[in-house]
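These notes are about the structure you will find just below.
The values are calculated or read from the model by the stated rules, or taken from the named source; none is laboratory data. Every value quoted in this text rests on a predicted model; they were computed, and no experiment measured them. Here the Cβ positions follow ideal geometry from the backbone for every residue, glycine too, while neighbour counts run over all protein chains shown. The area values use the complete protein model at the heavy-atom level, side chains included, leaving out ligands, DNA and RNA. Shrake-Rupley method; radii C 1.70, N 1.55, O 1.52, S 1.80 Å.
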Amino acid sequence: MRILGLSLTAALAVAGCASHPAPTEQIASSLAAIRGADEVGAREVPEAALLVKLAEEQIEASKKHMGDGDNARAAQLADRGRQDAELAIAVTREAHAKKKLESYQGAQPASGGEQPMNSQPVAQ
């Protein structure tokens with residue numbers, strides 16, 4: 001009876017792991033997000049570069065857990081990697097937008113109450 005109980009417990013544990021499919025799609029999605037981050041230049045923006053590195057580490061950990069048969073944890077890590085990579089994309093776009101804004105503002109004349117050259121002062 002004791003052997004039957006242990007066998008049943010082992011079978012349930014295996015079935016529990018088998019209920020989560022291998023997260024191959026999540027890993028592929030995460031890798032695609034990292035490629036997207038690279039395409040927008042995330043590795044040149046310090047905060048974004050850190051996020052890309054974290055995403056890569058999450059994907060590696062996901063692959064390890066998948067190899068160990070822990071597909072549920074592997075899926076969580078793959079999703080986390082995708083989220084980190086997508087955040088890196090957003091951070092990079094924000095940094096590029098700020099840089100463009102700063103260059104635009106630097107090219108504009110100061111607007112400290114100056115009037116355009118064609119306008120006449122308002123008579124009071």
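Taking interchain pairs and intrachain pairs at least six residues apart, which have beta carbon atoms under 7 angstrom, with the first residue in region 77-89 and surrounded by fewer than 24 Cβ atoms within 10 Å (Cβ to Cβ) and the second of a type outside the set (S, T, N, Q) and not in a helix (DSSP H, G or I)?
Ile89/Val40
Go through region 40-69 and report how many residues are open to solvent by less than 60 Å² (accessible area, probe 1.4 Å), farther than 22 Å from Val91 by Cβ and outside any helix (DSSP H, G or I).
1
Considering each of Val52, Val91 in turn, give the residue that is touching an Asp or Glu at 6+ places or on another chain (Cβ under 6 Å) and hydrophobic (A, V, I, L, M, F, W, C). Write out each step before concluding.
Numbers: Val52 fails: touching an Asp or Glu at 6+ places or on another chain (Cβ under 6 Å).
Just one listed residue meets the conditions, Val91.
Please state which one of Ala37, Ala74 is among the hydrophobic types (A, V, I, L, M, F, W, C) and either within 13 Å of Ala22 (Cα to Cα) or in a loop (DSSP other than H, G, I, E, B) (or both).
Values: Ala37 fails: either within 13 Å of Ala22 (Cα to Cα) or in a loop (DSSP other than H, G, I, E, B) (or both).
Going through Ala37, Ala74 in turn, just one is among the hydrophobic types (A, V, I, L, M, F, W, C) and either within 13 Å of Ala22 (Cα to Cα) or in a loop (DSSP other than H, G, I, E, B) (or both): Ala74.
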